[in-house]
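Peer 1: For reference, the structure I am asking about is given below.
Bear in mind that the values in this text are calculations on the coordinates, not laboratory data. Keep in mind it's a predicted model, so treat the numbers as computed, not measured. Cβ atoms come from the backbone with ideal geometry, glycine included; neighbour counts cover every protein chain shown.
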Amino acid sequence: MQAFAELYRRLDRTTSRNAKIEAMADYFEQAAPADAAWAVYFLSGERPKRLLSSTDMRRWAAEMVGIPEWMLEESYTTVGDTAETITLLLPDEGGSAQKTLSYWVEERLLPLRNEDETVQREEVTSIWRELGRWERFVWNKLTTSGLRVGVSQGLTVRGLEAYSGIDRDVLTARMMGDWSPTAEFFQNLISEDTSDADRSRPYPFLLAHPIDNDVHPQEVVGDHDRFLAEWKWDGIRSQVIHREGEVFIWSRGEELITERYPEVASSAEALPHGVVLDGEILGWKDGKVLPFGMLQKRIGRKTLPSDLMEDVPISFMAFDLLEWNGDDIREWPLRARREKLESLFDAGRHGPSIRLTTPVQGDSWDALADTRADSREHKTEGLMLKRLDKAYAVGRPKGNWWKWKIEPYTLDGVLIYAQRGSGRRSTLHTDLSFALWDDDDELVIFAKAYSGLTDDQFQDLDNWVRRHTVERFGPVRSVEPEHVFEIAFEGVRRSNRHKCGVATRFPRIKRWRRDLAPKDADRLDDLKALLPALPDHVDADE
Amino acid sequence: MDGLLTVSDDGLYCPAGDFHIDPHRPVERAIVTHAHGDHAARGSDHYLTSAEGEGVLRHRMLDGAAIQTVAYGETIDVGGVTVSLHPAGHIRGSAQVRLEHRGEVWVVTGDYKVAPDPTCTPFELVECDVFITECTFGLPIYRWPDPEEVFGKINRWWKKNREEGKTSVLFGYSLGKAQRLIAGVDASIGPIYCHGAVQKMNDVYRGDGVNLPPTTYVSDENAPEDWSEALVVAPSSAGGSRWIQRFDPVSTGFASGWMRIRGNKRRRSLDRGFVLSDHLDWPHLNDVIDGTGAQTVYVTHGNNDSFARWLQEEKGLDARELPLRSQYDD
Ligand SMILES: [Zn+2]
Ligand SMILES: [Zn+2]
């Protein structure tokens, strides 16, 4: 624990990416695999959820040091962070924390899940006594809010790369999906053997950049004939994997969703072995796509009543092939991958619920623009434009894939602040602030929205907000960055008043993206890419 | 508030003796606890301060100000009220004001601390009936580490910066904190340079016989080839200015009680925060209040409401906020 706490201190003391990478590499160098695994877990922004309540922990601290709760809340208001408030209140003296990070998490923290409050309290106060001041702070931090020390999963991967010499793409792929922070996981993570044993593993998804509606695509992406154009389907981005007789379906949120879509899973058994498809899960009935609202009824459902399956049957719309014959073919140009994908369908090696997306034809940008204008009729969000000569890269490389959506603009943001609404909704937290990832992998607010969810959804969210408040500033609560929402807006302009440098016009919630995790949210650069090249006149009034 | 002291538009006022304590506007007779701007206003006709504080106060007041001094502990009669000044340990010359009248004793602390500080006389506890105390850090989250430990950290930070070729720029209040820092660091590590506001006060302290290591005023003529060996001491207002650019690359540190909370460091984008305060922390604040034996306590300069509530509920004292009309901005 001391080594990990020291790592936290080093990360906390610097804003330099290189210094952070170096600090992580140094830590991994000396850590036992079981501890390193937990370090990777926490550094990637994870934390064991629904374990201890921040409010309870504050109350226990107040009782332990003998101050009334109102005095603790005064202190909390001043400090603004539960972990830090508790640490500042408790006596500085403590134990020496000789034991390892994995001990403090596995033997001490995790067993508290589902214990009643008396047991939790006794154990937590004992942990506080046993740990030294700084270790106690770090332990509180990873228990209440997560580390939040300016390190993202991407940066963690760089730290691992610096330590192990394993390529970051390999590391990223190995960190996808469900994994448990165990010694074995860590050893596999940094294993030299790159023919990975785990056959369920998906590939990192290639993401697209938006094209601004006010400019001609020719100016942004060049000639149309270098691109494959497809409909931008409005579903759940997923990979379907068939390896060694087993089928796995992964969402972009890195959730294993195989069991939720049995139609697709059984169809996938018809695929040849060693195949990974990239595509979109859609509600599909009578040869037509169903609205996203219908699909939403299936999201998050693990048990499937037969009438629901009849109402909302699912299809997987495949648009890319990432693995063929067990070989990773992401390096192939799209043209070759598409050919292979088509050959698979020509040979009938797919079940009834797996479909191939049909390219949208057009011999000029104007012709494509005409087709795109019909997107709503096709129940799609616009067009995808994919460079035929490019590989399937990791992340969001500029120029490989573009999304050319019909208005309005949408981005996926992480909910980070909630405030009570006014009028009818004054009892609910309905004024919500959403954030995107900046270059330092910090979340920066880009939009506030008040509308777009149903009353039931607002009610659900309110319950969640109350139980997951991290900090309180008067009426505003900061919440754990856990939920992603798709935010629609009419336009953007530069703004000095907004910390992110961009103001959005008429932002509203389009939908709750329960299928996405915070790390899948969009980046500030995606928003900035929408700005007109030159400052417009509106800037003058800022 | 009613009794030996009341609150006037100008600040704390003693009707029996016809004088003010730390008025924020010019008055006829002002007793000044110490020379900080939120306690010593210019332009009063007549000042009374501690003998130790004369030098710094004279420097801060208008030329030719009428300043009378008394030694710590010495009593004088002001209009029938027995007045004495007692060390507050906050900065050079800082004093608590003790008033005795018709058998009742009141004490006004001004700003004070109990932690050791070689640049001024240490705090002395004075028993009283009514205690008017600052509570700048009146929350249980404020507990200070041992100053020696803090100076150890500052020294190590300075050495490390030197090794890495970075100038160490340390911010602190120019009167009091800066001199405490200069007296406390290990001057053998490298040269110490000071911002003009700090250097002026250093000279006043030295004139009083306070032992400070040599310091050089930062100017173009005095600029060394390489700043990276130096510790530069400056008021925090210099932080965002062009003045600091000459030291690049720098590592910035700030010495203050506020640095106990990480957010305060982060918000100012400082590299290091050193918890070193010239006010007292929560446990000492409580100890001092217990030690005075006062049954009535007025609090000011902090989270007044909650601290008064604490004293009422936990100690059963008649405690309330000092209803000053001015806003302290220290
Ligand atoms: Zn002061
Ligand atoms: Zn003051």
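Peer 1: Take the residue pairs A:LYS20/B:LYS166; A:LYS49/A:LYS398; A:LYS49/A:LYS510 and return only those whose Cα atoms are more than 24 Å apart.
Peer 2: Beyond 24 Å between Cα atoms: A:LYS49/A:LYS398; A:LYS49/A:LYS510.
Peer 1: Let me ask another. Determine the equivalent ellipsoid of segment A:409-528 by diagonalising the alpha-carbon gyration tensor, then write out the semi-axes as square roots of 5 times the eigenvalues, largest first, rounded to whole Å.
Peer 2: Value: 22, 15, 14 Å, ordered largest first.
Peer 1: Under 5 Å between amide hydrogens, which residues at least 5 positions from A:MET384 or on another chain qualify, with H placed 1.01 Å from N in the peptide plane?
Peer 2: Sorted by chain and number, the residues that satisfy this are A:GLU230, A:TRP231, A:LYS232, A:TRP404.
Peer 1: If amide hydrogens are placed 1.01 Å from N in the peptide plane, which non-local residues have theirs closer than 5 Å to the one on A:GLU482?
Peer 2: When sequence neighbours closer than 5 places are left aside, the close amide H contacts are A:LEU415.
Peer 1: Loop-only trypsin sites (Lys or Arg not before Pro) in segment B:1-109, please: DSSP not H, G, I, E or B, and at most 10 other Cβ atoms within 10 Å.
Peer 2: Sparse-neighbourhood loop trypsin sites (Lys or Arg not before Pro): B:ARG102.
Peer 1: Run the quick spin-label model on B:ARG242 and B:ALA65: label points 7 Å from Cα toward the beta carbon, then report their separation in nm to one decimal.
Peer 2: Placing both labels 7 Å along Cα→Cβ, they lie 3.3 nm apart.
Peer 1: Hey, another quick one. I need the phi-derived Karplus couplings for segment A:16-28: 6.51 cos²θ - 1.76 cosθ + 1.60, θ = phi - 60°, integer Hz, Gly and Pro marked x.
Peer 2: 7, 4, 5, 5, 5, 4, 5, 4, 5, 4, 4, 5, 4
Peer 1: Exactly which GluC sites (Glu not before Pro) in segment A:30-106 are in a DSSP loop and have at most 10 other Cβ atoms within 10 Å?
Peer 2: Loop-located and lightly packed - A:GLU93.
Peer 1: Explain nothing, just the number: relative contact order of segment B:147-274, from Cα pairs under 8 Å at least 6 residues apart, as a whole percent.
Peer 2: Result for segment B:147-274 is 34 percent.
Peer 1: Let me have the relative contact order for chain A, percent, based on Cα pairs under 8 Å that are six or more residues apart. Before the final figure, lay out the partial values.
Peer 2: Details: 996 pairs, mean separation 72.1, N = 542.
Computed value for chain A: 13 percent relative contact order.
Peer 1: In debye, nearest 20, what is the charge dipole magnitude of chain B about its Cα centre with +1 on Lys and Arg Cβ and -1 on Asp and Glu Cβ, if you could check? The partial results should precede the final answer.
Peer 2: On the way: 33 positive and 47 negative charges, 277 e Å.
That gives a dipole near 1320 debye.
Peer 1: Within segment B:94-112, whose backbone N sits under 18 Å from a point 7 Å along Cα→Cβ of B:THR82?
Peer 2: B:96-108
Peer 1: Say each of A:GLU123 and A:ARG9 gets a label point 7 Å from the Cα, pointing the same way as Cα to Cβ; how far apart are those two points in nm?
Peer 2: Here the answer is 2.8 nm between the modelled labels.
Peer 1: Still on this structure, I have one more. Quick one, what does Rg over Rh come out to for the protein assembly as shown if you take C-alpha atoms and the Kirkwood Rh?
Peer 2: Values: Rg = 33.2 Å, Rh = 31.5 Å.
Looking at the protein assembly as shown, the ratio lands at 1.05.
Peer 1: Right, something else. Once the dipole of segment A:407-478 is set up with Lys and Arg at +1 and Asp and Glu at -1 on Cβ about the Cα centre, which of A:LEU461, A:LEU415, A:ALA447 lies farthest towards its positive end?
Peer 2: Toward the positive end, the furthest listed residue is A:LEU461.
Peer 1: Further question: Gap in Å between the Cα centre of segment A:149-225 and the Cα centre of segment A:242-269?
Peer 2: Using only Cα atoms to place each centre, the spacing works out to 20 Å.
Peer 1: In deg cm²/dmol and to the nearest 500, what is the mean residue ellipticity at 222 nm of the protein assembly as shown if only DSSP H runs of at least 4 residues count, each as -39500 (n - 2.57), divided by the residue total? Spell out each step's value before the answer.
Peer 2: Working: 26 runs with 256 residues, N = 872.
That comes out to -8500 deg cm²/dmol.
Peer 1: Let me ask something additional. Can you give me the Cα centroid spacing of segment B:12-38 and segment B:85-120 in angstrom?
Peer 2: Comparing the Cα centres of segment B:12-38 and segment B:85-120, I get a distance of 15 Å.
Peer 1: OK, next. Please list, in chain and number order, the residues 5+ apart from B:VAL232 or on another chain whose amide H is under 5 Å from its amide H, with Hs placed from the backbone.
Peer 2: Correct list: B:SER168, B:VAL169, B:LEU170, B:TYR193.
Peer 1: Still on this structure, I have one more. Take every residue in peptide B:139-149, count the Cβ atoms of other chains within 10 Å of its Cβ, and give the average of those counts. Walk me through the intermediate numbers first.
Peer 2: Numbers: counts 12, 11, 13, 3, 4, 0, 2, 0, 0, 0, 0.
The shielding value for this peptide is 4.
Peer 1: Let me ask you something else. Residues of segment A:258-290 with amide nitrogen under 19 Å from the 7 Å Cα-to-Cβ point of A:ARG514?
Peer 2: Taking a point 7 Å out along Cα→Cβ of A:ARG514, the residues of segment A:258-290 whose backbone N falls under 19 Å are A:258-263, A:281-284, A:290.
Peer 1: Within straight cross-link reach of B:LYS159, meaning Cα distance under 19 Å, which aspartates and glutamates are found once same-chain residues fewer than 8 apart are removed?
Peer 2: Counting by Cα, and skipping residues close in sequence, B:LYS159 has these aspartates and glutamates nearby: B:GLU148, B:GLU149, B:ASP186, B:GLU225, B:ASP226, B:GLU229, B:ASP248, B:ASP271.
Peer 1: Less than 12 Å Cβ to Cβ from A:TRP70, Lys/Arg counted +1 and Asp/Glu -1: what total charge do the surrounding residues give?
Peer 2: Result for the neighbourhood of A:TRP70: -3.
Peer 1: Highest mean first, what order results for A:131-138, A:370-377 on Cβ atoms within 10 Å?
Peer 2: Per-residue mean Cβ counts within 10 Å order the peptides as A:131-138, A:370-377.
Peer 1: Oh, and also: Gap in Å between the Cα centre of segment B:121-169 and the Cα centre of segment A:36-101?
Peer 2: 24 Å
Peer 1: Oh, and also: I need the calculated FRET efficiency for the pair A:GLU22 and B:ASP45, taking r as the beta carbon distance and R₀ as 56 Å, to the nearest 0.05.
Peer 2: Numbers: r = 63 Å, r/R0 = 1.13.
Efficiency, from the Cβ-Cβ distance: 0.30.
Peer 1: Using θ = phi - 60° and the Karplus form 6.51 cos²θ - 1.76 cosθ + 1.60, what ³J(HN,Hα) does each residue of segment A:114-119 get, whole Hz, x for Gly and Pro?
Peer 2: For segment A:114-119, the Karplus-derived couplings read 6, 6, 7, 4, 4, 5 Hz, x marking Gly and Pro.
Peer 1: On to the next question. Tell me the trypsin sites (Lys or Arg not before Pro) within segment B:261-328 that lie in a loop according to DSSP and have at most 13 other beta-carbon atoms within 10 Å.
Peer 2: B:ARG325
Peer 1: May I pose another question? Provide the FRET efficiency to the nearest 0.05 for the A:ASP460-A:THR77 pair, computing r from the beta carbons and using R0 = 25 Å.
Peer 2: About 0.35, to the nearest 0.05.
Peer 1: If you take every residue apart from A:LYS302 with its C-beta less than 10 Å away from the C-beta of A:LYS302, what net charge results, scoring Lys and Arg +1 and Asp and Glu -1?
Peer 2: Residues close to A:LYS302 contribute a combined charge of +1.
Peer 1: Given the protein assembly as shown, what percent of its DSSP beta bridges are antiparallel, to the nearest 5? Don't skip to the end; give the middle numbers.
Peer 2: Details: 91 of 136 bridges.
Bridges in the protein assembly as shown that DSSP calls antiparallel: roughly 65 percent.
Peer 1: Provide the FRET efficiency to the nearest 0.05 for the A:LEU531-A:ILE406 pair, computing r from the beta carbons and using R0 = 22 Å.
Peer 2: It comes to 0.70.
Peer 1: Taking Cα atoms, how many degrees apart are the long axis of helix A:54-65 and the longest axis of chain A, rounded to 10 and kept between 0 and 90?
Peer 2: Orientation of helix A:54-65: about 10 degrees from the principal axis.
Peer 1: Run down the aspartates and glutamates and flag those whose C-alpha is under 18 Å from the C-alpha of A:LYS288, throwing out any fewer than 8 positions away in its chain.
Peer 2: A:GLU230, A:ASP234, A:GLU263, A:GLU280, A:GLU310, A:ASP311, A:ASP374, A:GLU377, A:GLU381
Peer 1: Give A:LYS403/A:LYS519; A:LYS499/A:LYS528; A:LYS405/A:LYS519; A:LYS99/B:LYS265; A:LYS448/A:LYS499; A:LYS141/B:LYS160 a once-over and call out the pairs whose C-alpha atoms are over 24 Å from each other.
Peer 2: Violating the 24 Å limit, Cα to Cα: A:LYS99/B:LYS265; A:LYS141/B:LYS160.
Peer 1: On to the next question. If I fit a long axis through the Cα atoms of helix A:334-346 and take the longest principal axis of the Cα atoms of chain A, what angle between them do I get, 0 to 90°, rounded to 10?
Peer 2: 70 degrees
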